[in-house]
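The values are calculated or read from the model by the stated rules, or taken from the named source; none is laboratory data. Since this is a predicted model, take the numbers as computed values, not measurements. Every residue, glycine as well, gets a Cβ built from its backbone with ideal geometry; the counts of neighbours run over all protein chains shown.
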C-alpha cells in the first residue's frame, strides 16, 4: 500500500458527464502564469490555443465568465460523441493513420456538424450557438466550487479518460477495468466482474448512490445486479451515511441524468452540477470520518469539448477482447477534469505521475481502491495503473475549509425546450431497469 493511502478509510467517487479538462479547468491558474501557489507547474491554457474553423480560419480559446450569455448552458449544444467523432476532434479525420499523433485541431469543424445534428434531431440548442463556442472554457470564477476544490486541494492536469469514446465504455473501465472491446453506448451492460463485486468478495463494504432514482451503475454488471439492496442508495442516503459516520469503504455517487438534472452533460446546467459537487463535499466534510476520507471528482469522457493536450499512447490492453472499429486499446482518451479532495492534501497541489510512466486514467480509481484494501487487479489495465496515494502527503489532517463562504452559482431557469430534450443516460437507465427483476430493487 502506498504510504498516503494508509490514512484513508473511505474513498468516494463522484463521476460527472462529458467535459474536457481545458473546458472546465484550463483557466484555473492562467492569471498566475500556469503555476500554482505551491510553485507547481500546471498544464492549463495560455490563451493562445486555437483550432481551425470550417473555413480554415483559426478560432481561439476564450473564457466563459459569469456574465457570458447562457454561461451555464455552454457550449450551447451537445457536441459529437463516440469513437469516430473523437477521432475527428483529435486528428481532424475519423480514420487516423496507425500511430498518428493527435493534432487536437478538429474540434470546431466537428462541432459545426454537431450543431446541425442537434437541430435535425430537434434537441435543444441555445439560440445563436456557433461552431466557435466549443472553444469557450470556464473561468475559475464561473465555477467557484470545482475551482475552489482544485485550488484548495489537488488538481490532476494529466488525468485521461480510459478510451477515446463515449460514456458507457469509459464508465465500464472506471468500474471494471475493461469495456470488453466495446467502443460505443450501444452496449449498455457488461458481463465481467466489477470493483464492487471484488470488494464484496473480500468483505470490504461498498455502496452505489443514485441521485433521486436508483443508480444506473447498479444495472451494468452481474455482481452489482445481484447485490443486496443495502448496497444501493440515493443521495439522501449518502448524506445520512456521511453524517452518521457509516459511509462504506468505497462509495460511488451518480448525478441525476435528466436534462434538468445535475450531471453537467452538455448542454445541461453547469450550475446544477456545481451545487451537487458542493453538497457532496459539504456532507463529507461535516461528517465524523472526514479526516480519513478521499473524494475524487471526475468526468467520464471529454464529450467533444475542447482540450489542447494530445492523449498519450502506451496504454495497456486490458484483455484480449477484439476492439470495435479496429481499436486496439493502446491509447488513452482525452484529458478530463479530476480533482482530489482530502484534508491530507496540501492546498495548491498539482498532482501527476512522473513523466514517462503510465499516466493517470479512470483505472487509477481501481488501482487506488485495490491498493488501499489489498485487492487483486481486475484486468491488466488496472494492474498497470498508478494509484493516487502519493498525493496524500500530510501527517496531520487540515482543519481549514477552502470553500468557506463559497456558494454554487445561482441556478438559471432551464428552458422548456431543454427540459423536453431526451436525456440519453436517463433513457439507458430506464431501459435497463425495465429488464431488471431481482427480489430487492431499491426505489
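Residues being touching a residue at least 60 places away in the same chain (Cβ under 8 Å) and within 19 Å of residue 99 (Cα to Cα): count how many of those fall in the range 319-334.
Residues that pass the stated criteria total 10.
May I ask you to verify whether residue 153 is surrounded by 23 or more Cβ atoms within 10 Å (Cβ to Cβ), within 27 Å of residue 293 (Cα to Cα) and under 15 Å from the mean Cα position of the chain (by Cα)?
no
Listed here are the residues, each with its yes/no results for (1) at pLDDT 95 or above; (2) within 28 Å of residue 339 (Cβ to Cβ); (3) assigned to a helix (DSSP H, G or I); (4) touching a strand residue (DSSP E or B) at 6+ places or on another chain (Cβ under 8 Å).
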residue: 54; (1), (2), (3), (4): no, no, no, no
residue: 75; (1), (2), (3), (4): yes, yes, no, yes
residue: 94; (1), (2), (3), (4): no, no, no, no
residue: 97; (1), (2), (3), (4): no, no, no, no
residue: 100; (1), (2), (3), (4): no, no, no, no
residue: 118; (1), (2), (3), (4): yes, no, yes, no
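Taking the stated definitions as given, is residue 403 assigned to a loop (DSSP other than H, G, I, E, B), over 30 Å from residue 270 (Cβ atoms) and touching a residue at least 24 places away in the same chain (Cβ under 8 Å)?
Criteria not met by residue 403.
What's the number of the only condition in (1) over 30 Å from residue 73 (Cα atoms); (2) exposed (fewer than 13 other Cβ atoms within 10 Å of the Cβ); (3) at pLDDT below 95 that residue 422 fails to meet?
Single failed check for residue 422: (1).
Looking at (1) modelled with pLDDT of 95 or more; (2) in contact with a strand residue (DSSP E or B) (Cβ under 9 Å, 6 or more places away or on another chain), which is the one condition that is false for residue 67?
(2)
Between 88, 77, which is over 21 Å from residue 169 (Cα atoms) and surrounded by 20 or more Cβ atoms within 10 Å (Cβ to Cβ)?
Values: 88 fails: over 21 Å from residue 169 (Cα atoms).
Within the list 88, 77, the selection yields 77.
Cβ-Cβ distance below 8 Å, separation of 6 or more or different chains: which pairs start in the range 10-24 with a residue that is without any contact (Cβ under 8 Å) to a residue 60 or more places away in the chain and end on one that is crowded, with 24+ Cβ neighbours inside 10 Å and assigned to a helix (DSSP H, G or I)?
none
I'd like to check something: does the range 127-141 contain any residue that is under 30 Å from residue 242 (Cα atoms) and either assigned to a helix (DSSP H, G or I) or at pLDDT 95 or above (or both)? Walk me through how you get there before you give the answer.
Going residue by residue through the range 127-141, those that are under 30 Å from residue 242 (Cα atoms) are 140-141.
From what's left, either assigned to a helix (DSSP H, G or I) or at pLDDT 95 or above (or both): 140-141.
Yes.
Go over the candidates 378, 366, 340, 394 one by one and state the one that is crowded, with 21+ Cβ neighbours inside 10 Å and over 22 Å from residue 200 (Cα atoms).
When all the criteria are applied, what remains is 340.
Which residue pairs have Cβ atoms closer than 7 Å, lie 6 or more positions apart in sequence or on different chains, and pair a first residue in the range 110-131 that is closer than 14 Å to residue 415 by Cβ with a second residue that is exposed (fewer than 15 other Cβ atoms within 10 Å of the Cβ)?
Every condition considered, the pairs that remain are 124/417; 125/119.
Yes/no matrix, rows are residues, columns are (1) out of contact with any strand residue (DSSP E or B) (no Cβ under 9 Å at 6 or more places or on another chain); (2) within 30 Å of residue 259 (Cα to Cα):
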{"position": "337", "(1), (2)": "no, yes"}
{"position": "353", "(1), (2)": "no, no"}
{"position": "357", "(1), (2)": "yes, no"}
{"position": "366", "(1), (2)": "yes, yes"}
{"position": "385", "(1), (2)": "no, no"}
{"position": "401", "(1), (2)": "yes, no"}
{"position": "408", "(1), (2)": "yes, yes"}
{"position": "412", "(1), (2)": "yes, yes"}
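Being touching a strand residue (DSSP E or B) at 6+ places or on another chain (Cβ under 9 Å), farther than 27 Å from residue 273 by Cα and not in a helix (DSSP H, G or I): is that true of residue 48 here?
Details: touching a strand residue (DSSP E or B) at 6+ places or on another chain (Cβ under 9 Å): yes; farther than 27 Å from residue 273 by Cα: yes; not in a helix (DSSP H, G or I): yes.
The answer is yes for residue 48.
Could you list all residues from the range 102-114 that are more than 17 Å from residue 19 (Cα to Cα) and part of a helix (DSSP H, G or I)?
109, 112, 113 - these are the residues of the range 102-114 that are more than 17 Å from residue 19 (Cα to Cα) and part of a helix (DSSP H, G or I).
Specify which of the listed residues (315, 271, 283) is more than 18 Å from the chain's Cα centre (by Cα), outside any loop (DSSP other than H, G, I, E, B), crowded, with 18+ Cβ neighbours inside 10 Å and at pLDDT 95 or above.
After applying the criteria, what remains is 283.
Restricting attention to the range 170-181, report how many residues are surrounded by 24 or more Cβ atoms within 10 Å (Cβ to Cβ), more than 13 Å from the chain's Cα centre (by Cα) and over 17 Å from residue 358 (Cα atoms).
2
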